[in-house]
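Shown next, in C-alpha cells, is the structure this report addresses.
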Amino acid sequence: MEKEFVIVLDFGGQYNQLIARRVRECNVYCEVHPNTLSLEEIKKMNPKGIIFTGGPNSAYLPESPTISAEIFELGIPILGICYGSQLMAHLLGGTVSTAPTSEYGKTEVTTNQDSVLFQDVSHTTVCWMSHTDYIAKAPEGFTVSATTPVCPVAAMENPERRLYATQFHPEVMHTAEGMKMLSNFVYKVCQCKGDWQMSSFVEDTIKAMREKIGDGKVLCALSGGVDSSVAAVLLSKAVGKQLTCVFVDHGLLRKNEGDEVEAVFGPEGPYDLNFIRVNAAQRFYDKLAGVTEPEEKRKIIGEEFIRVFEEEAKKIGAVDYLVQGTIYPDVIESGLGKSAVIKSHHNVGGLPDYVDFREIVEPLRLLFKDEVRNAGRELGIPEYLVSRQPFPGPGLGIRIIGEVTAEKVRIVQDADAIYREEIANAGVDKGLGQYFAAITNMRSVGVMGDERTYDYAIALRAVCTSDFMTAEAAQIPWEVLSKVTSRIVNEVKGVNRVLYDCTGKPPATIEFE
Ligand code: XMP
C-alpha cells in the first residue's frame, strides 16, 4: 500500500512546523519542505495534499518567495494559508494588495457552510488573523467561502480543482475550530484515510537510521532527559551495540541525577547499552570561571560537551555519527529556522564551528515535546522517564545567574531538590510543564538567630505549558511555597531569601539564561 502523506511548503512563516504537527494530529503523516522543491520532486513524492504556509512577504513583489503556477495543474489538493492564500490568488490572476485595515489576533469570521472546508464549523467562528496584505479579489473560478467585516476574502476555494485558501491561520490554538478545518482538508478534500500513528514514525525512523548508519559506529549524547533518552533507545533499537551512549556529568546536574541516570542506562539498568559516564565537573567549572554572560556560558558548555564526546569517540575509534536528542523548539529558538535567535540551545546553535564527526544525526528534530513523549511510550520507555519534566543541556549553568562556582551549584542543587520534593508531596506536579529553583546573582541582608546574614536569594519557578514555546506562571498554593521557603532557608546554607517568579513566556523565557 502506498504511504499517504501531506507536505507543507515553507514560505517563511513562523507556524510552519505547527501546521505539520496539526496534520499529524489528524493521523496523517506530514513534513515541511522548502518552497524551492521542484515540481518534479513533488510529483515523485506523490503527496495526497499540499499546504502553503504563511510568510512575512508580499505575494505581488518580484523578490518574494514563489512557486511555479504549474503546481496548480498537478491535480493535487492545495490549501494556502495566509501568505500561501495570497500567493495562490496572485498566481491565478486574483488581486492581492495592502489591506486598508490590517487584522491581528482573534477575529470573528463568517463562514459558508456549503464549503467542504467549513463543514461542521460554526457559521461565525473565531480565527487567528495576522496580515497587512489581503486578497482584494479572488481569481476567476473561485468562490469566496469566508469573510470578515474588513476582509472580503477571508477564505476562497475552487472545489473542482481542489484548491482552498484561508487568510487566517487554522493551525494555531486561537482559531477555535481550526483543527476541524484542517481535518476537513485532509479527509474530505485530500481523501486521506488517516492510518499514520506515532508507532509508524518510530518504525520508519528505526528503519531509516539502520539504512543511514549501516555498519558504522554511533555515539549518543545521553543526558538522561526525555529527548536524549528517547533518541538513545530509538538508536539502540536501530543499530544495537554499534551505539555507545556517553553521559557527561558536567557538574551542572540536579542533585543525585548522575547516579540516577547511571542506574537506568548503566550496566545495572534494563537496557543493553554500551554506556560510558564521564565525570567532568572540574573541567567545566574551570572553563566557566569568571564568565557571566549567558550566551557565552551556553557556548562554553556546548563546546566542552562536544570536546568530551570527541575524546570519547577517539577512544572507541572510528565513530562516524553523533546522535543528539534535538527537538523542534530547540531548532526554532536557536534561530536555525527563520526566526530570531532567542538562546543558543547547546545541542543546536551552541555547536562549535568544527565538529569532528562525519555527521550529526537528530532523529527527533521535527517533533514537539509531547510528540517525543509519545514516541518514548511507543518504544516502551517507562512512564516516569517519559513524563519527566525537561532539563536543559547546559543544566544548572543557566539556572545560576552570573558566574558558575561549585558553591553556587551546591546551593541550587539543594534548594531545587527541596522544591521538587515538596511539589511532589503536595501532588501539584501533574499540571506543571516545568518547575525548578534557580540561584539569583543577588545577595541581600537577612537575620538568622541574632546574626546578620548577607546571602543569596533563590528564585522558584513553575510554569504551565504544553509546547514550551509559550508558558504561564503556575499558581502554586501558598502553603506549598511557604513550606518550601522555610525548608530552603533553614536547610540550605548560604540562602536567606526565596522569591517566586510570576512572569510568563513571553516576555520572560522558562529558564533564566
Ligand atoms: P526557554 O528558557 O528558552 O526554554 O523558554 C524552553 C524549553 O527548552 C529548554 N531549554 C533547553 N533544552 N538545551 C536543551 O536541551 C538547551 O540549551 C536549552 N535551553 C532551554 C528549557 O528547559 C525549556 O524546557
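The values are calculated or read from the model by the stated rules, or taken from the named source; none is laboratory data. Please read these numbers as outputs of a predicted model, since none were measured by experiment. Cβ atoms come from the backbone with ideal geometry, glycine included; neighbour counts cover every protein chain shown. We work out accessible area using only protein heavy atoms, side chains counted, and drop any ligands, DNA or RNA first. Shrake-Rupley method; radii C 1.70, N 1.55, O 1.52, S 1.80 Å.
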Report task. Read through the list (1) within 16 Å of the ligand (Cβ to nearest atom); (2) in a loop (DSSP other than H, G, I, E, B), then give the number of the only condition that Glu403 fails. Result -> (1)
**Report entry** Failed item, numbered, when Val372 is tested on (1) more than 15 Å from the ligand (Cβ to nearest atom); (2) hydrophobic (A, V, I, L, M, F, W, C); (3) over 23 Å from Ile306 (Cα atoms)
**Finding:** (1)
Requested in this report: Residues being over 12 Å from Leu432 (Cα atoms) and not small (Gly, Ala, Ser): count how many of those fall in the stretch 468-482.
Outcome: 7
Requested in this report: Confirm whether Tyr419 is within 24 Å of Gly251 (Cα to Cα), open to solvent by 20 Å² or more (accessible area, probe 1.4 Å) and among the hydroxyl-bearing types (Ser, Thr, Tyr).
Outcome: no
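Conditions (1) part of a strand (DSSP E or B); (2) at positive phi; (3) not acidic (Asp, Glu), marked per residue:
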residue: Pro65; (1), (2), (3): no, no, yes
residue: Val96; (1), (2), (3): yes, no, yes
residue: Ala99; (1), (2), (3): yes, no, yes
residue: Val109; (1), (2), (3): yes, no, yes
residue: Val121; (1), (2), (3): no, no, yes
residue: Trp128; (1), (2), (3): yes, no, yes
residue: Ile135; (1), (2), (3): yes, no, yes
residue: Gly141; (1), (2), (3): no, yes, yes
residue: Ala146; (1), (2), (3): yes, no, yes
Report summary line: Filtering the stretch 444-459 down to residues that are over 16 Å from Arg410 (Cα atoms) and either open to solvent by 50 Å² or more (accessible area, probe 1.4 Å) or under 29 Å from the mean Cα position of the chain (by Cα) (or both) yields Val445, Val447, Met448, Gly449, Asp450, Glu451, Arg452, Tyr454
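Residues checked against (1) at pLDDT below 95; (2) not acidic (Asp, Glu):
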position	(1), (2)
Glu4	yes, no
Val8	no, yes
Phe11	no, yes
Gln14	yes, yes
Leu37	yes, yes
Glu40	no, no
Query - Which listed residue, of Val153, Val172, is within 16 Å of His90 (Cβ to Cβ), of a type outside the set (Ser, Thr, Tyr) and either touching a Phe, Trp or Tyr at 6+ places or on another chain (Cβ under 7 Å) or open to solvent by less than 10 Å² (accessible area, probe 1.4 Å) (or both) - result: Val153
**Report entry** Qualifying residues in the stretch 465-513 (those that are more than 16 Å from the ligand (Cβ to nearest atom) and part of a loop (DSSP other than H, G, I, E, B)) - the one most open to solvent (accessible area, probe 1.4 Å)
**Finding:** Gln475
Query raised in the report: For Gly325, are the conditions met, namely being under 24 Å from Met469 (Cβ atoms), within 14 Å of the ligand (Cβ to nearest atom), at pLDDT 80 or above and not aliphatic (A, V, I, L, M)?
Result: yes
Report summary line: Within the stretch 172-220, the residues that are of a type outside the set (Gly, Ala, Ser), closer than 22 Å to Ser122 by Cα and in a helix (DSSP H, G or I) are Met179, Lys180, Met181, Leu182, Asn184, Phe185, Val186, Tyr187, Lys188, Val189
